[in-house]
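Participant: Mind looking over this structure? Questions follow.
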Amino acid sequence: MKSSEATILVLPGLGGGTDGHWYERWTSGLRTAERVDVDDWSHPDRDTYVAAIVAAVAKSERPVVLVGHGYGSLAVVHAAPKLSDGKVRGAFLTAVPDVQEATATHKVAEAYRPVPREPLPFPSLVLASRNDPHCAFEVAEDLAGAWGSRLVDLRESGNVDPDSGHGPWPEGLMTFGKFLGQLTPA
């Protein structure tokens, strides 16, 4: 599949991102990319986020590929049971936070518990860093296995955000392009 054959729905993480964030750059740089928004990025309500994803998928006239970061990735997993009609061709999930961890103190974490462990109904990648301050690599590895996702080891990449040096993130875009190439448009 080529990016021009799909609607690429970009699902921001906590805070909604900044102009320099890689997913903001992808949203403006990929012609068929669209950002899914919620009202409050400091406390993105799970049910509201899931409903926004489901609505955006339903609205698309092309096959859909989901690109999530942080809580956007978790919102995909929570939305997955409502997206099993085959319209979503794949999900690219980065920096999944560990909301089960007792030290997950952000108030948003509770709303995303429990994290579903059922296999996703579409191909997926989980991209995880070995020094992400919000999720131990072993937790991301376990979740990827539960979801039937292929795990991509980003080594020492922090939270895969501008603070960890991932503004444009060309390696991520290359990985995304390879992933797209493995998906079928119809």
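The values are calculated or read from the model by the stated rules, or taken from the named source; none is laboratory data. Nothing here was measured: the structure is a model prediction, and the numbers come from that model. Because the Cβ atoms are built from the backbone with ideal geometry, glycine has one as well, and the counts that use them run over all protein chains shown.
Participant: For the range 73-94, how many residues meet the condition of being touching a strand residue (DSSP E or B) at 6+ places or on another chain (Cβ under 7 Å), within 30 Å of S164 (Cβ to Cβ) and without any contact (Cβ under 8 Å) to a residue 60 or more places away in the chain?
Facilitator: Count: 3.
Participant: Name the pairs: first residue in the range 158-177 and at positive phi, second residue acidic (D, E) and at pLDDT 90 or above, Cβ to Cβ under 9 Å, at least 6 apart or on different chains?
Facilitator: These pairs meet every condition: G158/D132; V160/D132.
Participant: Considering only the range 170-186, state which residues are assigned to a loop (DSSP other than H, G, I, E, B) and under 15 Å from the mean Cα position of the chain (by Cα).
Facilitator: none
Participant: Can you go through W41, W26 and tell me which one is hydrophobic (A, V, I, L, M, F, W, C) and in contact (Cβ under 8 Å) with a residue 40 or more places away in the chain?
Facilitator: Answer to the check: W26.
Participant: Can we say S4 is in a loop (DSSP other than H, G, I, E, B), of a type in the set (S, T, N, Q) and closer than 26 Å to A186 by Cβ?
Facilitator: No.
Participant: Still on this model: Report whether or not A104 is among the aliphatic types (A, V, I, L, M) and at pLDDT 95 or above. First the steps, then the outcome.
Facilitator: Values: among the aliphatic types (A, V, I, L, M): yes; at pLDDT 95 or above: no.
In short, no.
Participant: Which numbered condition trips up K107, out of (1) more than 24 Å from G29 (Cα to Cα); (2) surrounded by 14 or more Cβ atoms within 10 Å (Cβ to Cβ)?
Facilitator: So the condition that K107 fails would be (2).
Participant: Can you name the number of the only condition in (1) of a type outside the set (G, A, S); (2) more than 19 Å from H21 (Cα to Cα); (3) at pLDDT 95 or above; (4) surrounded by fewer than 18 Cβ atoms within 10 Å (Cβ to Cβ) that R89 fails?
Facilitator: Exception for R89: condition (4).
Participant: How many residues are more than 18 Å from R89 (Cβ to Cβ) and surrounded by fewer than 18 Cβ atoms within 10 Å (Cβ to Cβ) if we restrict to the range 26-42? Working first, answer last.
Facilitator: Taking the range 26-42 and keeping what is more than 18 Å from R89 (Cβ to Cβ), we get 27-29, 35, 37-42.
Add one more test, that the residue is surrounded by fewer than 18 Cβ atoms within 10 Å (Cβ to Cβ), and what stays is 28-29, 37, 39-42.
Of the residues in that region, 7 qualify.
Participant: Is it the case that some residue within the range 43-54 is in contact with a Gly (Cβ under 9 Å, 6 or more places away or on another chain), at pLDDT below 95 and surrounded by 14 or more Cβ atoms within 10 Å (Cβ to Cβ)?
Facilitator: Scanning the range 43-54 turns up at least one residue that is in contact with a Gly (Cβ under 9 Å, 6 or more places away or on another chain), at pLDDT below 95 and surrounded by 14 or more Cβ atoms within 10 Å (Cβ to Cβ).
Participant: So, restricting to helices (runs of 4 or more DSSP H) that lie completely within the range 40-154, which ones have at least 1 residues that are more than 14 Å from the chain's Cα centre (by Cα) and either hydrophobic (A, V, I, L, M, F, W, C) or over 20 Å from L173 (Cα atoms) (or both)? Steps first, answer last, please.
Facilitator: On the way: elements: 46-59, 71-79, 107-111, 137-147.
Because the criterion is at least 1 residues that are more than 14 Å from the chain's Cα centre (by Cα) and either hydrophobic (A, V, I, L, M, F, W, C) or over 20 Å from L173 (Cα atoms) (or both), the helices (runs of 4 or more DSSP H) in the range 40-154 that meet it are 46-59, 107-111, 137-147.
Participant: Another question about this same structure. Between a first residue in the range 45-72 that is on the phi > 0 side of the Ramachandran plot and a second residue that is in a loop (DSSP other than H, G, I, E, B) and of a type in the set (G, A, S), which pairs have beta carbons less than 8 Å apart while being 6 or more apart in sequence or on different chains?
Facilitator: G70/G13; G70/A95
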